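Below: the structure, in structure tokens.
The values are calculated or read from the model by the stated rules, or taken from the named source; none is laboratory data. Given the structure is predicted, the values throughout are model-derived calculations rather than measurements. Counting neighbours? That spans all protein chains shown, and the Cβs are built from the backbone with ideal geometry, glycine included. Just so you know, the surface numbers come from the protein's heavy atoms only, side chains and all, with ligands and any DNA or RNA stripped out. Shrake-Rupley method; radii C 1.70, N 1.55, O 1.52, S 1.80 Å.
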Amino acid sequence: MNKTISAAITAVGGYVPEEKLTNFDLEKMVDTNDEWIRTRTGISERRILKGEGLATSDMAVPAVLELCKKRGIDPLEIDCIICCTVTPDLVFPATANIIGDKIGAKNAFGFDLQAACSGFLYGVTTGASFIESGRYKKVVVVGADKMSAIIDYSDRATCIIFGDGAGAILLEPNQEGYGVQDSILRSDGSGCQYLHMKAGGSKKPASIETVMAKEHFAYQEGQAVFKFAVKGMADVSAELLERNNLTGEDIAWLVPHQANLRIIDATASRMKLPKEKVMINIQKYGNTTSGTIPLCLWEWENQLNKGDKIVLAAFGGGFTWGATLVNWAY
Ligand code: UT7
């Protein structure tokens, strides 16, 4: 795609809480075992944000401050903060505003973007459009989720997957062709039935009954989601390569959403990518929803080279899914 101004990723920050919840801890909470979890998902442990009153913004803030420090910018220079999350601090106002306040980004406007596990991809594409339009110069996209706030730790099918964490990127204009090249984003609301939260929205506001019925937790029909995810993430990643006349050999890294190692493997194999080119940290952090992709970029940042072509890919609740091609800028 030819763009006069492209949106380059110029810095990455991340944050995971100290506290670990291991498979062995979960064995004491629900009827499960380490072997089942590792073989079915690839996860060994996840991080949990503990502490009274601590929320998603408390993980997003250190991630954003880290990227400001790395890039040598003052938060006052940020034009826009897009916070991708399904676990906002409050139903309203937007967590992006709370982050902006906490870091002193007084010149930034901000909003939350909710596309479940594909949130970060939607955020990157939205933020990149702001940059490409020439209207804004510094857009922060943060993917952050405190999943432990909405997980039922007596539901063994769901609680084993999720963890807490946050990652953030800075998007800036580039005139040499680096940055976000192309994105394919998809959604299908008929998938809502398989992955959702039953109460707390306008359809079924919170009541004593909804709390007693555990309807404020994430509800997931894992196997159904799995089937759609394997096909959706692999199809869209292959389509992105094809329409950019690329093959797996041209790609330096696949950065997949970390929901299940089997979904990641299926996507990599469809793109004909060897495992060495796939960022995988699901074993340490589990599924941090909007946090997975930027947390991978954060962890692999030192191994990325200018000009590397990388594909970000995700599938999640909604259903939402997509893939984004990035030409690494530094
Ligand atoms: O990130 C956004 C989107 N989410 C996803 O992409 C998640 C997609 N889904 C998955 O990753 C998988 O479906 C899960 C990891 C959630 C579940 O794995 P699965 O291989 O699909 O298991 P299943 O639900 O088909 O259950 C198989 C068996 C069942 O027992 P029976 O009926 O065969 O006797 C379950 O009751 O495994 C049982 N089971 C467990 N056993 C031990 C389910 N959860 C557990 C558990 N420990 N934690």
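Dipole of the stretch 6-178, Cα-centred, from +1 at each Lys and Arg C-beta and -1 at each Asp and Glu C-beta, to the nearest 20 debye? Walk me through the numbers on the way to the answer.
Values: 17 positive and 24 negative charges, 78 e Å.
I would put it at about 380 debye.
Need one word for the stretch 219-292: rounded, prolate or oblate. Basis is the Cα gyration tensor (sqrt eigenvalues a ≥ b ≥ c); a/c below 1.5 gives rounded, then a/b vs b/c decides.
oblate
Over the stretch 6-178, what is the percentage of antiparallel beta bridges among all DSSP beta bridges, to the nearest 5? Display every interim value, and only then the final one.
Numbers: 20 of 30 bridges.
So the antiparallel bridges in the stretch 6-178 amount to around 65 percent.
Magnitude of the Cβ-charge dipole of the stretch 198-283, K/R +1 and D/E -1, about the Cα centre, nearest 20 debye?
Roughly 260 debye, rounded to the nearest 20.
With an 8 Å cut-off on Cα pairs and a minimum separation of 6 or more residues, tell me the relative contact order of the stretch 181-327 in percent.
36
Is there a quick way to get the dipole size of the chain? I mean about its Cα centre, with the Cβ of Lys and Arg at +1 and of Asp and Glu at -1; what is the value in debye to the nearest 20?
Magnitude of the dipole: close to 340 debye.
Answer rounded, prolate or oblate for the stretch 177-267, using the Cα gyration tensor with square roots of eigenvalues a ≥ b ≥ c: rounded when a/c is under 1.5, else prolate when a/b is larger than b/c, else oblate.
Cα axes put the stretch 177-267 in the prolate bin.
Per 10 Å bin, what is the whole-percent P(r) computed from every C-alpha pair distance within the stretch 6-178?
11, 36, 30, 16, 7, 0
Report the relative contact order of the chain, percent, no decimals, based on alpha-carbon pairs under 8 angstrom and at least 6 residues apart.
Reported relative contact order: 26 percent.
Under 12 Å from the 7 Å Cα→Cβ point of LYS277, by amide nitrogen: which residues of the stretch 100-140?
No residues fall inside that zone.
May I ask you to derive the FRET efficiency for ARG262 and LYS309 from their Cβ-Cβ distance with R0 = 22 Å, giving the value to the nearest 0.05?
Computed FRET efficiency for ARG262 and LYS309 comes out at 0.30.
Taking only protein heavy atoms and a 1.4 Å probe, what accessible area per residue, in Å², does the chain have with all protein chains in place?
43
Could you pull out the pairs from LYS69/LYS138; LYS146/LYS204; LYS20/LYS138; LYS198/LYS227 whose alpha carbons sit more than 25 Å apart here?
Pairs exceeding the cut-off: LYS20/LYS138.
Percent of alpha carbon pairs in the stretch 181-327 separated by more than 26 Å? Don't skip to the answer; put the middle values down first.
Details: 3183 of 10731 pairs.
In whole percent, the share of Cα-Cα pairs in the stretch 181-327 beyond 26 Å is 30.
Taking θ as phi - 60°, what are the ³J(HN,Hα) couplings along the stretch 208-219 by the Karplus curve (6.51, -1.76, 1.60), each to the nearest whole Hz, with x for Gly and Pro?
Result, rounded to whole Hz: 4, 5, 5, 5, 4, 7, 6, 8, 9, 9, 5, 9.
Hey, with R₀ at 22 Å, roughly what FRET efficiency would GLU221 and MET29 work out to, going by the Cβ-Cβ distance, to 0.05? Write out the running numbers ahead of the final one.
Numbers: r = 21 Å, r/R0 = 0.97.
With a Förster radius of 22 Å, E is 0.55.
Taking LYS277 as the anchor, which lysines have their alpha carbon closer than 23 Å to its alpha carbon, excluding any fewer than eight residues away along the same chain?
Filter leaves LYS231, LYS306, LYS309.
List the GluC sites (Glu not before Pro) within the stretch 1-91 that DSSP assigns to loop and that have no more than 15 neighbouring Cβ atoms inside 10 Å.
GLU18, GLU19, GLU52
Output the relative contact order of the stretch 6-178, whole-number percent, from Cα pairs under 8 angstrom with separation of 6+ residues.
Here the relative contact order equals 34 percent.
Summarise the accessible area of the chain (1.4 Å probe, protein heavy atoms) by the percent that is carbon and sulfur.
Numbers: 7310 of 14220 Å².
Taking all protein chains in place, the chain shows 51 percent carbon and sulfur surface.
FRET efficiency for THR4 and MET197, Cβ-Cβ distance as r, R0 = 51 Å, nearest 0.05?
FRET efficiency, THR4 to MET197: 0.75.
Take the alpha carbon gyration tensor of the chain, find the square roots of its eigenvalues, order them as a ≥ b ≥ c, and report rounded if a/c is under 1.5; if not, report prolate when a/b exceeds b/c, else oblate. All intermediate terms of the calculation are to be shown ahead of the outcome.
Numbers: a/c = 1.63, a/b = 1.23, b/c = 1.33.
Cα axes put the chain in the oblate bin.
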